[in-house]
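Participant: One structure coming up, written as structure tokens, with questions to follow.
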Amino acid sequence: MIWNSKGERILSSQATVDDVVCMGTTVPKYDLSLTNRFTYKNWEFSFMFVAKLGHIYQKDSFQSRNYQNRHVGDRWKKPGDEAWAIYPALTTSNSDWWNASYQDIFYGKAGFAKLRDVTLTYTIPKSFAGKIGLEMAKIYVQGRNLLTIKHKDTDIDPESYLPHLGLGTTGYGDYAMSTLPIPREVTVGLQITF
């Protein structure tokens, strides 16, 4: 069931062009980054923030027959479930699966900001490095993707989201969510020059 332009509850299969509302674009309106580097004596600290803002994503949704979806347990099962269930009943066929994934409840804000990279480096003094036969030596700790700021209702890593463009109304909207989140990484390293 959906609400039409007159505020009436109708089946999504009965919707007309007047009932359609543009939810936004999946292309970010703003693509931003901020980097900086600070040095003090033998220490160096650098970071990079990235942000993509002003766009939406289509959430993966259970569409009454794609039973491999992670939301299959959240479907309508018995009378009274309409009070909380946003997914249709599991059936072999019904007309709502064509339109279910295109309802506004299945769109979310995809804007995010990430601490893409942060690195702390210590350069070993040349006087000490020379004693052990090195021209230069650095020790560093690097973290990647350590922090993500996103909308509270966004249940995915918006950066790893791949929209299913060109699939039409196939009923398999969960294709878009088959990507894994970008992992956090911490690296400790040693850079030496002989």
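Participant: Which distance in Å, rounded to a whole number, links the C-alpha centroids of region 121-135 and region 24-53?
Facilitator: Cα centres, region 121-135 to region 24-53: 31 Å.
Participant: Separation between the T193 and D155 pseudo-spin-labels, each 7 Å from Cα along Cα→Cβ, expressed in nm?
Facilitator: That separation, rounded to one decimal, is 5.2 nm.
Participant: At 1.4 Å probe size, what's the solvent-accessible area of M136? Round to the nearest 10 Å².
Facilitator: 40 Å²
Participant: Give me the distance in nm between label points sitting 7 Å out from Cα along the Cα-to-Cβ direction at W84 and R9, one decimal.
Facilitator: 1.8 nm
Participant: Hey, another quick one. What distance in nm separates the two pseudo spin-label positions at A51 and F128, each 7 Å out from Cα along the beta-carbon direction?
Facilitator: The answer from the label model is 3.9 nm.
Participant: Ignoring ligands, DNA and RNA, how do E8, E44 rank by accessible area with a 1.4 Å probe, largest first?
Facilitator: My answer, sorted largest first, is E8, E44.
The values are calculated or read from the model by the stated rules, or taken from the named source; none is laboratory data. Small disclaimer: the values here were computed from a predicted structure and weren't measured. With ideal geometry, Cβ positions are generated from the backbone for all residues, glycine too; neighbour counts draw on all protein chains shown. Note: areas computed on protein heavy atoms with side chains; ligands, DNA, RNA excluded. Shrake-Rupley method; radii C 1.70, N 1.55, O 1.52, S 1.80 Å.
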